[in-house]
Amino acid sequence: SIARFMNMNSWVDWGNKMLGCFASLPKEMQDAYSFVLDYKELLVELKTAVAAVEHIETICKTEGFNLANSKKCKNYITRHIIGNANNRRAMFGIKILEYLKQQEEKLNDIYESRNISSDIIESTFGVFKQKKSPNKLYGITPFVLFIPLHAKLENKSATKTFNFKERLCNVKLKDIDTFANNHMSTNWVTVRTKQLKNVG
């Protein structure tokens, strides 16, 4: 569940670079990094696996996921992962093919293309985290409304047609409070405050 924090790509890249230059290292460094040789077969295998994942990610993130791109990805996996592979690598390739097939079944028609990159969402939340209060005890406040507003006005051309004066005149603080009461779960601070009052 925490594999995304392992920096797998960097470790695999480092390990393979060490394998490539090991013979030219001084004796002391060879002694220190001799453990890398014990994992030579695994490192070479992981290099192929990581390259496959990066290849598929690049296609799907830049061109979208559709039947044509799924076919490209499946052909790559068949040629580079399953072909002439050991059992473990072949199973890895089969799992990817099964996943791609599952995603294909979710498409509504042969021409549909889905944007599967989370970069835009992550960037938006990054901006939100920069602008929200640094006090973690505040929890999630109505300032969360910044997220859809930022997304709507990120394109500067949209600001020309957005009537700021009308919004400022017509949206009251009580409207924001109503939104918070109706749509936001209770914050930890509110719960803790009630607990302290009960104790007192």
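Scanning segment 1-37 for residues that are of a type in the set (A, V, I, L, M, F, W, C) and under 20 Å from the mean Cα position of the chain (by Cα) turns up Ile2, Ala3, Phe5, Met6, Met8, Trp11, Val12.
Within the span defined as segment 105-115, one or more residues are at pLDDT 85 or above, aromatic (Phe, Trp, Tyr), over 23 Å from the mean Cα position of the chain (by Cα) and on the phi < 0 side of the Ramachandran plot. Scanning segment 60-86 for residues that are open to solvent by 20 Å² or more (accessible area, probe 1.4 Å), β-branched (Val, Ile, Thr) and modelled with pLDDT of 90 or more turns up Thr78, Ile82.
Any residue in segment 38-59 that is more than 30 Å from Ser113 (Cα to Cα), more than 17 Å from the chain's Cα centre (by Cα) and of a type in the set (Ser, Thr, Tyr)? Within segment 38-59, one or more residues are more than 30 Å from Ser113 (Cα to Cα), more than 17 Å from the chain's Cα centre (by Cα) and of a type in the set (Ser, Thr, Tyr).
Would you point out the residue of segment 172-199, among those that are modelled with pLDDT under 80 and open to solvent by less than 70 Å² (accessible area, probe 1.4 Å), that is nearest to Pro142 (Cα to Cα)? Ranking the candidates gives Met184 first. When Ala68, Ala51 are checked against the criterion of being in contact with a helix residue (DSSP H, G or I) (Cβ under 8 Å, 6 or more places away or on another chain) and farther than 16 Å from Tyr99 by Cβ, a single residue qualifies: Ala51. Within segment 17-48, if we keep just the residues that are among the polar types (S, T, N, Q) and farther than 30 Å from Gln103 by Cβ, the residue that is surrounded by the most Cβ atoms within 10 Å (Cβ to Cβ) turns out to be Gln30. Consider segment 119-150 and keep the residues that are among the hydroxyl-bearing types (Ser, Thr, Tyr) and touching a Lys or Arg at 6+ places or on another chain (Cβ under 9 Å). The one that is least open to solvent (accessible area, probe 1.4 Å) is Thr141. Consider segment 151-171. How many of its residues are out of contact with any Phe, Trp or Tyr (no Cβ under 7 Å at 6 or more places or on another chain) and surrounded by 10 or more Cβ atoms within 10 Å (Cβ to Cβ)? Residues flagged as out of contact with any Phe, Trp or Tyr (no Cβ under 7 Å at 6 or more places or on another chain) and surrounded by 10 or more Cβ atoms within 10 Å (Cβ to Cβ) within segment 151-171 amount to 8.
Taking the criterion of being hydroxyl-bearing (Ser, Thr, Tyr) and open to solvent by 50 Å² or more (accessible area, probe 1.4 Å), the residues of segment 87-117 that qualify are Tyr99, Tyr111, Ser113.
The values are calculated or read from the model by the stated rules, or taken from the named source; none is laboratory data. Here the structure is a predicted model, which is why all the values come from computation and not from measurement. Note that each Cβ is placed from the backbone with ideal geometry, even for glycine, and that neighbours are counted across all protein chains shown. All accessible areas refer to the heavy atoms of the entire protein, side chains included, with ligands and DNA or RNA removed. Shrake-Rupley method; radii C 1.70, N 1.55, O 1.52, S 1.80 Å.
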